[in-house]
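The values are calculated or read from the model by the stated rules, or taken from the named source; none is laboratory data. Given the structure is predicted, the values throughout are model-derived calculations rather than measurements. Cβ placement follows ideal geometry from the backbone for every residue including glycine, while neighbour counts extend to all protein chains displayed. The protein model used for the area step is the full one, side chains on, heavy atoms only, and it has no ligands, DNA or RNA in it. Shrake-Rupley method; radii C 1.70, N 1.55, O 1.52, S 1.80 Å.
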Amino acid sequence: MGVAHHANYLVWCEEARTAHFRRSGVSYRDLENQGLILVVVEVQVRYRAPARYDDLLRVDCWVRDRNRRRLIFGYAVRRPDDHQLLATAQTSLIALDSSHVLGRLPPRVLDHLEPVPDPIRL
C-alpha cells in the first residue's frame, strides 16, 4: 500500500523512549539488573498523516508526568525533510519488581526524568 503499518509507530516510540533514557543518564539495562522492569500499560496514538515507505523519520520523546510508580511519555513522529507531523502518541509505564509486583522507581531515576511541558498538542 506504500504506507507504514500502524503498529510500526509503537516500535518507533519504543526506540525513541530508549534513546531518551540513555540521553537522560538512565540505563534500562541497569534498572533490569537491579530487579526493576518497566511495563507499558497504556498506549494512545493519533495518526495525522501517513508515513510512506522509505521515509526518513524523526521521533521526539519527552516525559509528560511521573511519580514513584509510573512514567508517562509523549511522542511526536515527523518527517524531517518537510516537518510534517505524522503522529502523536503517549505511553504509560509502571514499575514492577522482579516478581512482577508493583515496585517503585528509584529517586535517582526520577531525578533524571523530569517532566517537561508538551512541545506540541497531543
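Some notes on this structure:
- Couplings 3J(HN,Hα) of region 36-44, computed from phi: 10, 10, 10, 10, 6, 10, 7, 9, 10 Hz, in residue order, whole Hz [Karplus 6.51 cos²θ - 1.76 cosθ + 1.60, θ = phi - 60°; x for Gly and Pro].
- Computed over neighbours whose Cβ is under 9 Å from that of residue 58, the net charge equals +1, Lys and Arg +1, Asp and Glu -1.
- Put simply, the amide H of residue 84, placed in the peptide plane, has neighbours under 5 Å in 79, leaving out anything fewer than 5 places away on its chain.
- Site-free segments of the chain were taken between trypsin sites (Lys or Arg not before Pro) in DSSP loops having at most 14 other Cβ atoms within 10 Å, sites themselves excluded; the longest one is 1-47.
- In this rough spin-label picture, where each label sits 7 Å from Cα along the Cβ direction, the residue 58-residue 8 distance is 1.9 nm.
- Summed over the residues of the chain and divided among them, the accessible surface reaches 62 Å² per residue at a probe radius of 1.4 Å.
- Remark on the chain: Rg and Dmax equal 15.2, 47 Å (Cα only).
- Amide H partners (placed H, <5 Å) of residue 4, local residues excluded: 51, 52, 53
- Each Lys and Arg adds +1 at its Cβ and each Asp and Glu adds -1 at its Cβ; summed about the Cα centre, region 1-90 shows a dipole of about 380 debye.
- In Hz, Karplus ³J(HN,Hα) per residue of region 95-108 (6.51, -1.76, 1.60; θ = phi - 60°; x = Gly, Pro): 8, 10, 7, 5, 8, 6, 9, 3, x, 10, 6, x, x, 5
- Carbon/sulfur fraction of accessible area - the chain, other protein chains in place, 1.4 Å, %: 49
- Net charge of the neighbourhood of residue 42, taken over other residues with C-beta under 13 Å away and scored Lys/Arg +1, Asp/Glu -1, is +1.
- Descending semi-axes in Å of region 1-73, equivalent ellipsoid built from Cα gyration tensor: 27, 14, 11
- Note on the chain: with a GNM built from Cα contacts shorter than 10 Å, the maximum mean-square fluctuation among 56, 38, 85 falls on 56.
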